[in-house]
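Undergrad: Sharing a structure, written as structure tokens. Questions coming.
Nothing in this text is a laboratory measurement; each read-out follows from the coordinates by a stated rule. Given the structure is predicted, the values throughout are model-derived calculations rather than measurements. Here the Cβ positions follow ideal geometry from the backbone for every residue, glycine too, while neighbour counts run over all protein chains shown.
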Amino acid sequence: MKTNILIILKKYIPTGFLVLLLMGCERELGDLKPVTFPDTPEVFIDGFSAGLNYAAFGGSVPTAFDVDTKETYNNSKASMRFDVPNAGDPRGAYAGGVFFTEAGRNLSGYTALTFWAKASESAVLDLVGFGNDLGASKYQATISGLQVSTNWKKYYIPLPNSSVLTAERGMFFYSTGPVDGKGYSFWIDEVKFENLGTIAHPQFTIFNGEDKVETTFIGVTQQISGLTAIYNLPDGVNQSLNAATAYFTFTSSNKSIATVDESGEVIVVGGPGSAEITAMVGDAAVLGSLTLQSIGNFQQAPLPVHAADDVISIFSNAYTNVPVNYYNGYWAPYQTTTSADFEINGDQILQYIDFNFVGIEFSSPTVDATAMTHLHLDIYIPNTLAADAQLKIELVNEGAASSATYIANIPALQSKRWVGLDLPFSEFTGLNSTDKLMQIIFVNENNMISGFYADNIYFYSNGTPPPPGGEPTVAASTPTHPAANVISVFSDAYTPIPGTNLNPDWAQATVVTTVPIQGNNTLKYAGLNYQGIELGASQNVSSMGFLHLDFWTANSTTLNVFLISPGPVETGYSLTVPTSGWTSIDIPLSSFAPVNLSDVIQLKFDGNGDIYLDNIYFRKN
Amino acid sequence: MNKINKFRRILIQSILLMVMVIFWGCERDNFQKLDERNWQLTWSDEFNGTAGQLPDAAKWTFDLGTGQNGWGNSELQSYTNNPANISLDDKGNLVITAIREGNFTSARIKTQGLFAQKYGRFEARIKTPYGPGLWPAFWMLGENIETTPWPQCGEIDIMELRGQEPHIIHGTIHGPGYSGGNPISKAYALTNSRFDTDFHIFAIEWDADKIDFFVDDYLYQRIEKSDVPGQWVYDQPFFILLNVAVGGNYVGFPTTQTPFPQKMIIDYVRVYQEVN
């Protein structure tokens, strides 16, 4: 018979094809090629396929898996049975393990790992997947929460970009725990790789498909997250998998601003400028991106001004911190917040990403803050705020029935800059005692804040009054520049820019009042930390030469004045303090470069102490 | 021009394939011996036009809204003539898009009052939508439906698909005594492939004695006049409809897992009449 077939084949099939067929049957030494791995599709049909091994995960019940000959799919000879333990089982807390081969297999011709499964009761398997080889598990792909029922049903684990799977050892793995504390059994059968044209419409994502935009600094690093592969299964329903980084190739649009390596770690290396991080899986585009708008060198949080004796510090490089259990408790199951803390120029900064809530715990020992009066923290929200954000801050005192809360309003304009919060204990709702403080919790109260940096988190006392600030006894001198040469911000001598807001809510601690000194209106900043002035309209002061101001302070040790143009672009100028009497200064506008002098929108002061200001205006030479 | 003589072509092209089929033991008979026909193109829409443009108003009119009782089938969608639901794509296709935005919107167009024909070949090249609860259709109704209510007017479903079975299409006729849940119908399934991943050609060839149903020129169903348990109502002009329904008695309802939006992409609709 064989001869006959060959004769017929010879008649109808091109000779080359025939040679190929024959080569498939026999092999000579001269035909040897570089090693390739077998493409065996079977994993478990009625028993272990060639080379297959099993290993249980640490902490799981080692005997959870067994081969079952009674309950099988389609009355085949055997299936795999898995017994999930009850809660508290001394042998282990869950069932989990890996089916792997010693030698690799070439799976590049397949599109999915498929199997049939049923359970003794309806249950959700926490994790099932492919590509765990008990080693690097480079090409792991995992389904979370696979629903199984009491009837046999076919399940699919699509292989993302199987062209890379030329030497894969991880065949199948699972991990799942009790349902409501109770164990159960499930069966898996007919585990094999298939080349299915009925799995369609692959989509891949990074950051779960979101196009993220973040303001950042040189030196900030972060990991690309939310790597998924989504396939439409033969029943028209989408199946999502968590896919390993190695399936993806990442690209930065501007390597002088940000780099990304094959593990998905992004590092900001330059600025100002922006770079977009994107990805591909094979030739397929990936949904989601990260646009990093680097403003260059890191902008440090303002240095704390409180005396160390008046401070109990939780997180600051300016003070000695008390023992802290953690700065992120990763509280399961609802917390999404992750940490990506970083250090710039020796200053450590907390960074919270994917923020919903996060807690800092300092319970061993707890903190006696009865001598303190305030909580201070500096936060920086790197993203544009679409509207005012509410950050809820909770303090937990050991033994309290519930946490004490304070909701801080962060105006939309206050993103992309450091905001100092000084929160009196007296304004925390429900704070009955501060003798055993143990946690600070941040909550994204109105879901406006996707993440933030935090620094200088400490309790302090303002019980010791600052040195007496005094008050000027005479008014600042009345200016003499012709009104035509002046654009005035604050002065009785000139008409100010209409609509100017002398006390915008930038969440500052400064108390702003206008006080008459010898009948002359004078601007007073009491307890300055920082203070803004929003001009009624953008000003073109490029034809002006100087910023003029008169200032008086008896107790300030630091005082800076800033001009701000959109961006924001801001530059500070240091003023000599304290003063003896009024100081009158004309600051050349060139000192404020690179602020756009044709588009000045705000002024800002920062520093400390009590400040009196007058005659703030721009003037020509 | 516009005459095709495809069965001879298929015959020639099939000779080598035949040899392969025999030797490789494939089960399906890829070759069908059918009577040779000469088809003359009588009506077509190739859907050439700019992106966002509605289909040619000289060829198609819209069914709008939710009809009575979800167009008689408890369908969920509201039909619109919004370009988001129906428009040309600048690549020679018409795209009907079912959208979930709280409620479902989609589109349904027809040639009623503009074109109808008795007998001939009716074909369309289509890539279907998918997902549980999606119900795309390329179908026909008797032109006399205004005076002779359904099912007496007759209905010929050239292609219907249930989105939860994206590898199966159905060809069906509804007439008096065999309509609704009890029509004459047959399914055609792809092996290891789906109707939503590539274009396929769906066609009927209809004459006084029978209606033949084709997928990619493969005849999978022949309904002869004698097969019909009730009256044969297919000796009058029929008009063409294209739509994507969401939910309803035929397909069941979409689930939270059904991906939206969903698109039916139609490359062309062509109608031929036989010439001797």
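Undergrad: On C-alpha positions alone, give me the angle between the axis of helix B:6-24 and the longest principal axis of chain B, in degrees, nearest 10.
TA: That works out to roughly 80 degrees.
Undergrad: Here is a further query. Taking loop as defined by DSSP and a crowding limit of 14 other beta carbons within 10 Å, which chymotrypsin sites (Phe, Trp or Tyr not before Pro) in segment A:280-334 fit?
TA: Hits after loop and neighbour filter: A:Tyr330, A:Trp331, A:Tyr334.
Undergrad: So what's the angle, to the nearest 10 degrees on a 0 to 90 scale, between helix A:2-12 and the longest Cα principal axis of chain A?
TA: Around 60 degrees separate the two axes.
Undergrad: By a straight-distance test (C-alpha under 20 Å), which lysines pair with B:Lys91 as possible cross-link partners, with residues fewer than eight away in the same chain excluded?
TA: Straight-line reach from B:Lys91, under 20 Å: B:Lys59, B:Lys127, B:Lys263.
Undergrad: I need the shape label for chain A. Rule: rounded when a/c is under 1.5, else prolate if a/b > b/c, else oblate, with a, b, c from the alpha carbon gyration tensor.
TA: Since a/c reaches 1.5 and a/b is larger than b/c, the shape of chain A is classed as prolate.
Undergrad: Residues with amide H under 5 Å of A:Ile517's amide H, sequence separation 5 or more or different chain, H placed in the peptide plane at 1.01 Å from N; which?
TA: Sorted by chain and number, the residues that satisfy this are A:Thr522.
Undergrad: In whole Hz, with x marking every Gly and Pro, tabulate ³J(HN,Hα) for segment A:169-175 from phi via Karplus 6.51 cos²θ - 1.76 cosθ + 1.60, θ = phi - 60°.
TA: 10, x, 8, 6, 8, 8, 7
Undergrad: Which net charge results when you count Lys and Arg as +1 and Asp and Glu as -1 among the other residues whose beta-carbon is under 11 Å from that of A:Asn446?
TA: Combined, the nearby Lys, Arg, Asp and Glu give -1.
Undergrad: Same structure again: Straight-line reach from A:Lys255: which lysines fall under 19 Å, measuring Cα to Cα and dropping same-chain residues less than 8 apart?
TA: Cross-link targets: A:Lys212.
Undergrad: Let me ask something else about it. Taking 25 °C and 0.890 mPa s as the conditions, I'd like the Stokes-Einstein D for segment A:99-238 in µm²/s, using the Kirkwood hydrodynamic radius from alpha carbon pairs.
TA: 146 µm²/s
Undergrad: Please state the shape class of segment A:332-448: rounded when a/c is under 1.5, otherwise prolate if a/b exceeds b/c and oblate if not, all from the C-alpha gyration tensor.
TA: Prolate is the answer for segment A:332-448, as a/c is 1.5 or above and a/b outweighs b/c.
Undergrad: Could you give me the ³J(HN,Hα) list for segment A:176-187, computed from phi with Karplus coefficients 6.51, -1.76, 1.60 and θ = phi - 60°, whole Hz, x at Gly and Pro?
TA: Values, residue by residue: 7, x, x, 9, 6, x, 10, x, 7, 10, 9, 10 Hz.
Undergrad: Please give the direction-averaged projected area of the C-alpha convex hull for segment A:483-619, in square nanometres with one decimal.
TA: Over all viewing directions, segment A:483-619 projects a mean Cα-hull area of 7.6 nm².
Undergrad: Scan around A:Leu559 for amide H atoms under 5 Å from its own, H built in the peptide plane at 1.01 Å from N, and keep only partners 5 or more places away or cross-chain.
TA: Sorted by chain and number, the residues that satisfy this are A:Leu575.
Undergrad: Only Lys, Arg, Asp and Glu count, each charged at its Cβ (+1, +1, -1, -1), so figure out the dipole size of segment A:308-460 about its Cα centre, rounded to 20 debye.
TA: Dipole size: approximately 340 debye.
Undergrad: A follow-up question, please. Write out the GluC sites (Glu not before Pro) in segment A:176-278 meeting two conditions: DSSP loop, and at most 11 other Cβ atoms within 10 Å of their Cβ.
TA: A:Glu262
Undergrad: Taking H as built 1.01 Å from N, whose amide H comes closer than 5 Å to the amide H of A:Lys436, not counting residues under 5 places away?
TA: Residues meeting the criterion, in which the H sits 1.01 Å from N, are A:Ala369, A:Glu398.
Undergrad: Related question: Per-residue HN-Hα couplings for segment B:131-138, Karplus 6.51 cos²θ - 1.76 cosθ + 1.60 at θ = phi - 60°, whole Hz, x for Gly and Pro?
TA: x, x, x, 8, 9, x, 8, 10
Undergrad: Less than 13 Å apart at the alpha-carbon level, and either on another chain or at least 8 residues along: which aspartates and glutamates does that give for A:Lys392?
TA: A:Glu427, A:Glu445
Undergrad: Which trypsin sites (Lys or Arg not before Pro) in segment B:122-216 sit in a loop by DSSP (not H, G, I, E or B) and have at most 12 other Cβ atoms within 10 Å of their own Cβ?
TA: Those that pass, being in a loop and sparsely packed, number zero.
Undergrad: Still on this structure, I have one more. Rounded to two decimal places and with Rh computed the Kirkwood way over Cα pairs, what is Rg over Rh for segment A:172-324?
TA: The Rg/Rh ratio comes out at 1.17.
Undergrad: Here is a further query. Evaluate the charge dipole of chain A about its Cα centre and quote only its size in Debye, nearest 20, assuming +1 on the Cβ of each Lys and Arg and -1 on the Cβ of each Asp and Glu.
TA: The dipole magnitude comes to about 1740 debye.
Undergrad: Continuing with the same structure: If you take the charge dipole of the protein assembly as shown about its Cα centre, with +1 on Lys and Arg Cβ and -1 on Asp and Glu Cβ, which of A:Gly264, A:Ile381, A:Gly104 is farthest toward its positive end?
TA: Selected residue: A:Gly104.
Undergrad: Further question on the same structure: For segment A:552-621, what is the convex hull volume of its Cα atoms per residue in Å³?
TA: 89 Å³
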